[in-house]
1. Ignoring ligands, DNA and RNA, please state the percent of accessible area on region 1-81 from carbon and sulfur, probe 1.4 Å.
2. Assign unit charges at the C-beta atoms only (+1 for Lys and Arg, -1 for Asp and Glu), then state the dipole size of region 48-143 relative to its Cα centre in Debye, rounded to the nearest 20.
3. Would you be so kind as to identify which of T235, G190, V204 lies farthest towards the positive end of the dipole of region 170-293, taking Lys and Arg as +1 and Asp and Glu as -1 on Cβ and the Cα centre as origin?
4. Which of N20, F71, T50 sits closest to the plus end of the dipole of region 1-76, meaning its Cα is farthest towards the positive end, when Lys and Arg get +1 and Asp and Glu get -1 on the C-beta?
5. Might you report the magnitude of the Cβ-based charge dipole of region 83-124 about its Cα centre, with Lys and Arg at +1 and Asp and Glu at -1, to the nearest 20 debye?
6. Using the Kirkwood radius built from alpha carbon pairs, what does the Stokes-Einstein equation give as D for region 167-293 at 25 °C and 0.890 mPa s, in µm² per second?
7. Using Cα centres only, tell me the gap between region 240-293 and region 1-73 in whole Å.
8. What is the set of long-range amide H partners of A105 at a cut-off below 5 Å, with H atoms built 1.01 Å from backbone N?
Amino acid sequence: SHRIGFPEPTYTLGGSWNPNFKTTVFRFHYSSLATPESVIDYDLANRIQTMVKRETVADYDPNDYLTQYLFAPAPDGTRIPISLVYKKSVRRSGPQPLLLYGYGAYEQIVDPTFSSARISLLNRGFIYAIAHVRGGGELGAGWYQAGKWLNKKNTFTDFIASAEYLIKENYTRAEKLVALGRSAGGLLVGAVANLRPDLFQAIVADVPFVDTLNTMLDPTLPLTELEYGEWGNPTDKTFYDYIASYSPYDNVTAKFYPNLLVTAGWNDPRVSYWEPAKWVAKLRELKTDNNLL
């Protein structure tokens, strides 16, 4: 046996359609934050990779972009992986605008794959980064268990540690840093907005699960009882107190918040529209800044 080498430090790959058992060629899919979806044949005997097909992207050259795989130290010493990509020509000019994405729930893996929608952002000087925080499945079941139930706050502090590390290493500055999270990732950025609003210029919360405590207390909602396995059942006081300590809506206070873009889905079966709506209403009432909301 042997390992197949790849030119980039962070990427996504998986086996493709390989119906012939007696063959010396293994076909797989490869993609990265800079490399479009590719189909590759690997000659096992001679250890040679042959590009069969690559997704065509107009006016795009992967060689103009660089991917990196970094590790940020969490408060408990855990190394948090960060995948990032940027255009080579912008990195040397100092701290850049940076969009930091995170999810960290349900053992879901946030794969560092290619997106043509991201090119415009990179060409305008942004760095795009993924914080592979605990609660996801990137490093196995233990990584997931370390970010759920009574360990959920690790997800938030991992994201904060990633932001602090990117600032420390001169990739960006707080006034150029934007956080992005969707659904359970919206819970993540909502909690971070309460914990460290000073770290971000703006936060984008798409259909965010921000009224966590009230939702988990209402078993008439379609997903609540199914979600006990992820967040815990707040009819148990231990879980009630813990969820209450981080639920974004319940922890909004009179203080400075970054610029915020919040979206809601009228027909979203997972996050009811009133969660982001009431969160916005409470922020409008209490926040002490004049930033956009």
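1. Numbers: 2750 of 5310 Å².
Carbon and sulfur: 52 percent of the exposed surface of region 1-81.
2. 320
3. Of the candidates, V204 comes out farthest on the positive side.
4. Sorting the options by dipole projection puts first N20.
5. The calculated dipole for region 83-124 is roughly 440 debye.
6. Answer, rounded: 164 µm²/s.
7. Going from one Cα centre to the other spans 41 Å.
8. The list, which skips near neighbours in sequence, is G136.
The values are calculated or read from the model by the stated rules, or taken from the named source; none is laboratory data. Since this is a predicted model, take the numbers as computed values, not measurements. No Cβ is skipped: glycine too gets one built from the backbone with ideal geometry, and neighbour counts run over all protein chains shown. Each accessible area value is taken on the protein alone, full model and side chains, heavy atoms only, with ligands, DNA and RNA left out. Shrake-Rupley method; radii C 1.70, N 1.55, O 1.52, S 1.80 Å.
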